[in-house]
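The values are calculated or read from the model by the stated rules, or taken from the named source; none is laboratory data. Note that the structure is a prediction, hence the values are computed from the model and not measured. No Cβ is skipped: glycine too gets one built from the backbone with ideal geometry, and neighbour counts run over all protein chains shown. Remember, those area values only see protein heavy atoms, side chains included, never the ligands or the DNA or RNA. Shrake-Rupley method; radii C 1.70, N 1.55, O 1.52, S 1.80 Å.
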Amino acid sequence: MTKDYNRETPSPEETIIFLRKMEVPSKARWIPDDVSSTPSSSGMQRSSCSSLKMFLAALSFAYFSKALSGSYMKSTITQLERRFDIPSYLIGVIDGSFEIGNLLVIAFVSYFGAKLHRPKIIAIGCVLMSFGTFLIAMPHFILGRYKFQSSVRGSMNSTTTFGPCPASSAESTQAGDKASILPSVGCEQESSVSMWIYVFLGNVLRGIGETPVHPLGISYIDDYARSENAALYISCVQTISIIGPVFGYLLGSLCAKIYVDIGYVNMETITITPGDARWVGAWWLGYLIAGAITLMSAVPFWFLPKSLPIPVDKQLNANFTPEQTRFIKDSPSAMEHKFRPEEPANFHQMAKEFVPTLKSLLGSPVYITYLCVTIIQFNSLIGMVTYKPKYIEQHYGKSASKANFLMGMVNIPAVALGMFSGGVLMKKFKLGVMGAAKFAFGTSLLGYFLSLFFFAMGCDNAKVAGITMSYTGVEGLSYQQPSLFSECNSGCLCSGSDWDPVCGENGITYVSPCLAGCTSSTGAGKNTVFNQCRCVAVTGAGSQPSNLTASLGHCPIRDSCDTMFPYFLFLSVITSFIISLGGTPGFMLLIRCIKPEFKSLALGVHTLATRTLAGIPAPIYFGAVIDTTCLKWGNTKCGRRGACRIYNTTAYRVVYLGLTMGLRTVSFFLCILGFALLRRHVKQEEKIALTNGNVEMEFESLRKEESNNSIHSDQFVRALDCNPDRETRL
């Protein structure tokens, strides 16, 4: 039918078609203004807000549990080293196995998980983490009781004496040689299976389970939180994740005080103390506790929705047409939130888009430079944190329990405060991309210069006869076993592979009572005293009494080292706080310098790269370098090399701090290139934003013109409605 009215005014049919085009898809329905104030609409908004808060709380608990179990793993490295008689580099392999688990699935979980039900994927990950943690504790229930080398017989009473240095004879020499050649009882069983493999596999399973927590959790918050609140929310989650290690190290401190076989042995027969290099704490107990906590953290995620209302300040979803975008944006009821359309998962389509999406992400120079910088800095950080408790033990003579306690109560809280303060400062000063980059670089550089003072806070090597000094009192290092023997103990049948230290009256430590030349002993258990120690008389100063004694354990550390330790702790707290200040701005830089649709994949690739190229190799090569500073190795039942008993303190300090600082130095040179690329990226984004702003102004003028036309159209429609002779169309 021919229209006989003016074509400049839209017809009713065209008006209806236009309105239908403007209609939002049913799965992402926009609520009109007159409905937004209804109880159901306000209830929906409250529900979405509470769901986001519930997700934030659940994610914080998940971060706490995974950080607790991860830090507890690091607090037990010396316990595992001694229990399984393995060197530091193998402990690095075990520690890096967590990252191997991440490597297996991180890219796929980050990409496919972002398109599926993210909370439920995180819940499954938490369950796997808990199973892996339980698996780590399993070897304790398979292995027999822990046995350590000792010259003391705990069953003897105080009136009995025995000679640790028996007189040599032809028969005893022959018997001694035979004993040193033949493997001890239990060697065959020990060589048939290495129980540390179970710890390795359990940590791999932990790594697989932890994979979805970080990329899917952070991207979920960034998707459904306001832009100005996202940084604060993420800093809160990361702060909680820093609190986890506090409890992890405190749990490690508590378990390190408890003997490994507590409840199964008579503690009066145990002659070693927590400060002894042979002491093994109840490492398995903490893993059972951590596994139970991780299992509980999975529960809330099963009850969370797949998606939440998206704040209007986020970029509108690509499924909306330009007309729909303007229509929703201009509506008052859409000022708070809009909904993202939920489409059924198409795995074939997702698989086809994966490689092009990954190429596009890796084609960003800013992102690649950021990856390189963080990989190098993570190598430094992971290596330093992994072996810091051990550094405190070996360098300052503290027990594993005290080292873990100090890490948990002094160092980690400073990191948590720094992470949270960084997020607050970023929100307060509204730091942009360049501002966040400058802030992160500045704090890292300041912390670097302060860390150089650690080189001056050193302690001298402990005085150990035959290792760090001769039996005549001359200081000098020796890595050779023959140096343990001297004229004063030549009449004894001593083993150079034993480690059963005693402290002489002269303040010098001897590797064993036999090597100290002690011919008799009194007392039992921890109260054993060795008498007639000829080597103590040789290295003693002044007059030589007829009965020089030695007691169990190392000699106390020098007073000068005890004086230096508080300054070390203070500087450690200050540097940790300053460096962690830039943690949240640096992390937000990663999120803001990439396209929103690449967010989950970018976080996943970042996690994959840092853990593959830093988390796996750093503990291994840090441990291998530290092993080169070992002065005395222990031996297993089969005679192979076991755990290190004493280190060259000076060399340990140089390689540990030198490697940490050297890696950070390299990263600063890459930061210069990163700043140049980032500045160019920001300028390009500003040009694009300016162009879009001009286009938006044109759209605004067209919208006003369209609005005026719609008024005329409404008047025309009302006129037709009032016409009794108008034609009715079906």
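Could you tell me the ratio Rg/Rh of the stretch 477-609? Both radii from Cα atoms, Rh via Kirkwood.
Rg/Rh for the stretch 477-609 comes to 1.38.
Rounded to the nearest 0.05, what FRET efficiency is calculated for residue 490 and residue 142 with R0 set to 60 Å and r the Cβ-Cβ distance? The partial results should precede the final answer.
Details: r = 43 Å, r/R0 = 0.72.
Between residue 490 and residue 142 the formula returns 0.90.
So for the pair residue 654, residue 628, with labels modelled 7 Å out along Cα→Cβ, what separation do we get in nm?
Placing both labels 7 Å beyond Cα along the Cβ direction yields 1.1 nm.
Can you tell me the Rg and the Dmax, both Å, for the Cα atoms in the stretch 421-469?
Over the stretch 421-469's Cα set, Rg and Dmax evaluate to 20.5, 62 Å.
In nm, what is the difference between 0.36 nm times the number of residues separating residue 505 and residue 640 and their Cα-Cα distance?
Full extension from residue 505 to residue 640 adds 45.3 nm.
How do the peptides 447-459, 68-80 rank, highest first, by the average count of neighbouring beta carbon atoms within 10 Å per residue?
Ranking, from highest mean packing down: 68-80, 447-459.
Report the charge-dipole magnitude of the stretch 380-537 in Debye, nearest 20, computed about the Cα centre from +1 at each Lys and Arg Cβ and -1 at each Asp and Glu Cβ. All intermediate terms of the calculation are to be shown ahead of the outcome.
Numbers: 11 positive and 7 negative charges, 234 e Å.
I would put it at about 1120 debye.
Find how much the distance from residue 303 to residue 357 grows on full extension, using 0.36 nm per residue of separation minus their present alpha carbon separation; answer in nm with one decimal. Intermediate results must be reported in sequence, preceding the final value.
Details: separation 54, 0.36 × 54 = 19.44 nm, distance 3.10 nm.
Additional length available on full extension: 16.3 nm.
Going by average Cβ density within 10 Å per residue, which order do the peptides 261-269, 377-385, 509-517 take, highest to lowest?
Sorting 261-269, 377-385, 509-517 by mean packing, highest first, produces 509-517, 377-385, 261-269.
Using every pair of alpha-carbon atoms in the stretch 244-294, split the distances into 5 Å bins beginning at 0 and state the percent of pairs per bin, rounded to integers.
Histogramming the stretch 244-294 at 5 Å steps yields 5, 19, 27, 22, 14, 8, 4, 0 percent.
How large is the convex hull of the C-alpha atoms of the stretch 576-655 per residue, in Å³?
So the per-residue Cα hull volume is 143 Å³.
So which of 388/595; 74/306; 390/430; 388/430; 53/257; 398/526 end up more than 30 Å apart, counting from Cα to Cα?
Going by Cα-Cα distance, 388/595; 74/306; 390/430; 388/430; 53/257 fall outside the 30 Å limit.
Per-residue counts of other Cβ atoms within 10 Å, averaged by peptide: what ranking do you get for 520-530, 429-439, highest first?
Result, highest mean first: 520-530, 429-439.
Can you give the accessible area of residue 592, probe radius 1.4 Å, in Å² rounded to 10?
Estimated to the nearest 10 Å², residue 592 gives 90 Å².
Can you give the Rg/Rh ratio of the stretch 81-134, where Rg is from the C-alpha atoms and Rh is the Kirkwood radius?
Values: Rg = 15.0 Å, Rh = 13.2 Å.
Reported Rg/Rh, Kirkwood definition of Rh: 1.14.
Any idea of residue 505's accessible area? Nearest 10 Å², probe 1.4 Å.
Rounded to the nearest 10, the figure is 110 Å².
If each residue of separation counts as 0.36 nm, what is the full-extension length gain between residue 562 and residue 449 once their alpha-carbon separation is subtracted?
On the way: separation 113, 0.36 × 113 = 40.68 nm, distance 2.44 nm.
Answer, rounded to one decimal: 38.2 nm.
Summarise the accessible area of the stretch 413-515 (1.4 Å probe, protein heavy atoms) by the percent that is carbon and sulfur.
Values: 2920 of 4560 Å².
Answer for the stretch 413-515 is 64 percent, counting heavy atoms of protein chains only.
Divide the volume of the convex hull of the Cα atoms of the stretch 404-503 by its number of residues and quote the answer in cubic angstrom per residue.
Per-residue hull volume (Cα only) is 167 Å³.
What are the semi-axes of the equivalent ellipsoid for the stretch 607-700, taken as the square roots of 5 times the Cα gyration tensor eigenvalues, largest first, in whole Å?
Values for the stretch 607-700, descending: 54, 16, 7 Å.
How many nm is it between the label spots at residue 104 and residue 424, if each spot is 7 Å from the Cα in line with the beta carbon?
4.2
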